[in-house]
Amino acid sequence: MPRADAFRLRDAVVGGGLDSRPHATHPSAPVACGPPRLGTPHGPAVPRRADPAGRNPVRLRPVARLKAGAFAVLVALSAVLPAAHAAELTAPPRVLRDDVLPGTGRAQHLGHLPHRAYLRLAFTLAARDRADLDTYVAEVDDPDSPRYRQYLRGSQFAARYGRTVAEIERLRAYLEGNGFHIDDVHSGRLVVDASASAADVERTLGIRLDTWRDPASGRVFYGNATPPELPADPGYLVADIAGLTDRAVRRPTVSFGGADGLTPAQLRDAQGSVSNTRGDRSGPRPRVALAEFAGFRPQDVAAYDRRFALASPAPELRLVDGGPVDGDAGRAAVEAEIETVQAVAPDTATVVFSAENSAAGEVDAWQSVIDAGIPVAMTGWGAPEEQRTGSGMRAIDLVLEEGAAEGVGFYAPADHGSEASDDSGGGVLFPASDPHVTAVGAADDAATGGTESGRGRSAVFAQPWWQARWVGVDPYGRREVPDVTARVVRGPVVHADGRWRTAGGTGVATALWTALAAGYDQRAASLQQPRLGFAPPTLYRFTLGRGAVAGVLQAGGWVPFDGARAAAPSRPNRLHG
């Protein structure tokens, strides 16, 4: 991921040199997640602040001392070291074949990325025993399984599926020996953040980084046209390297209109089945995470709370890896999502994880949510599958699967790619297309066949087991979206970007469903029941399995919504052509 304080691509390409900016500040006193921005490629790292969630990042250090008797072991090992060394020399390198820049389309090639550009990368590692992880998550999500909702704790996941300390140290030694700085090792031991100059990245990975200009937006982006390579060891650990291209741009999916939207009371009347909208606060305060690529202004959210007399906790801002380069782009959408969650579930504490709009920033945002232990998470952003690398999507899928194993429910908008891209030519949005994310669509009248956004199927992910079981086998064998819809005939009124507006679109629909999940978790906790976790298998089992088409599953029973205005589970669209 490029560091904004050491490199501004546009300036570097036109010969303006490298740019820098101070650490991001925010009136709401954000807490930095992960390392602060680095001053220069060769300067010392700035000391890291403590994790405010109390879950300090994993610190792995080599063990140098040998206990008594270890000498004899080394003597025994010395006999096999020559053979092992020979095998290492002859082992083929690890080639990440689909970790390359997607098609550049009509983009104009500008030339070589300057060597002094400083990149931040996220190395996603292959899980130990991925087949067992897939089986475990499927059983945890299956209402008919004896393992249903028996979630792992973070430490259990790391011990069972994360890489070992010794393996992490081998990767660390290799990268540091080639000029990289190790910025973080995340709690599940499946993501390692590192940064280096473009020259060191090219030399170490055997690639060339070039730049292009998008003809529609004029935006300059960079990427690698050939796949990266690593030695067999530690290369066998690495599944993806995020940050080698910034071709994909995640965009918000919130739309705005006049100021005649629904008030919080009207929203709660329409979706009154959520326990904490009725003042039932017997359970612990629910928490919701928003993975965003922009910031927000606390005064906008405070103005909303004052007007409608909401006693919601002030949203907390956590900057991931220093936060976004341009925190204002998309800010109104973030504010609309926060206020929608608070309108429907006013007792909910919202935590905004604000990251740079890049592949590495996206990986780290989701991983930071999991590290923080927040059980319900959403994003209102997405980018078309065809703008992303295949290995990059599978890497995020692994991070999301880690969250699913730990009982985190993820929600994302299922807009069609052509509605949210510059030069994409269509395609469904990721991460909504991921099989561990609840894909949310928006409809003006879903029950009567009105317009609905986000219909489509993934070109990357196969049909998950729960869609095949309760919806029917897809003739193309692909993941279909959306999983659920929210009917927003008239969206909520929000205070965004300093003025009153009506918000709509799949970003608002996603916020509505996220609030519903938070309400479910609060009610379930009061009854000493497990939280919802990944929602679609449960929703499908208790809706399509019963023939129901509208409602929300609540601890203690199925409660229907007002069909005119409220969110409702919807059978995924079946496309035949």
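Tabulated values for the structure
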read-out: Residue count for segment 469-501, restricted to those that are within 16 Å of G380 (Cα to Cα) and not hydrophobic (A, V, I, L, M, F, W, C); value: 5
read-out: Test set (1) within 26 Å of L400 (Cα to Cα); (2) of a type outside the set (F, W, Y); (3) at pLDDT 95 or above - P102 fails condition number; value: (3)
read-out: Candidates D210, D233, D183 - the one that is under 14 Å from A360 (Cα atoms) and at pLDDT 95 or above; value: D183
read-out: Residue ID - most open to solvent (accessible area, probe 1.4 Å), chosen from residues in segment 296-305 that are farther than 12 Å from V494 by Cα and not in a loop (DSSP other than H, G, I, E, B); value: Q299
read-out: Matching option when the condition is more than 18 Å from G507 (Cβ to Cβ), of a type in the set (V, I, T) and under 17 Å from the mean Cα position of the chain (by Cα), among V325, V363, V334, V352; value: V363
read-out: Condition check for H181: touching a residue at least 40 places away in the same chain (Cβ under 8 Å) and open to solvent by less than 30 Å² (accessible area, probe 1.4 Å); value: no
read-out: Wholly enclosed helices (runs of 4 or more DSSP H) of segment 312-406 bearing at least 1 residues open to solvent by less than 20 Å² (accessible area, probe 1.4 Å) and farther than 24 Å from L516 by Cβ; value: 359-372, 390-405
read-out: Matching residues in segment 113-131 - criterion: being open to solvent by 30 Å² or more (accessible area, probe 1.4 Å) and under 23 Å from the mean Cα position of the chain (by Cα); value: A126, R128, D129, R130, A131
read-out: Matching residues, segment 475-486, being within 16 Å of D434 (Cα to Cα) and either assigned to a loop (DSSP other than H, G, I, E, B) or open to solvent by 10 Å² or more (accessible area, probe 1.4 Å) (or both); value: G477, R478, P482, D483
read-out: One residue from A496, A568, A511, A486 being under 23 Å from P431 (Cβ atoms) and either modelled with pLDDT of 90 or more or within 20 Å of the chain's Cα centre (by Cα) (or both); value: A511
read-out: Boolean, L152 is outside the structural domain of L190 (by the TED database), in contact with a Leu (Cβ under 9 Å, 6 or more places away or on another chain) and open to solvent by less than 70 Å² (accessible area, probe 1.4 Å); value: no
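The values are calculated or read from the model by the stated rules, or taken from the named source; none is laboratory data. Predicted model only: the values in this text are computed from it and were never measured. Ideal geometry is used to build each Cβ from the backbone, glycine not excepted, and the neighbour counts take in all protein chains shown. To get the accessible areas, we keep the full protein, side chains included, count just its heavy atoms, and leave off ligands, DNA and RNA. Shrake-Rupley method; radii C 1.70, N 1.55, O 1.52, S 1.80 Å.
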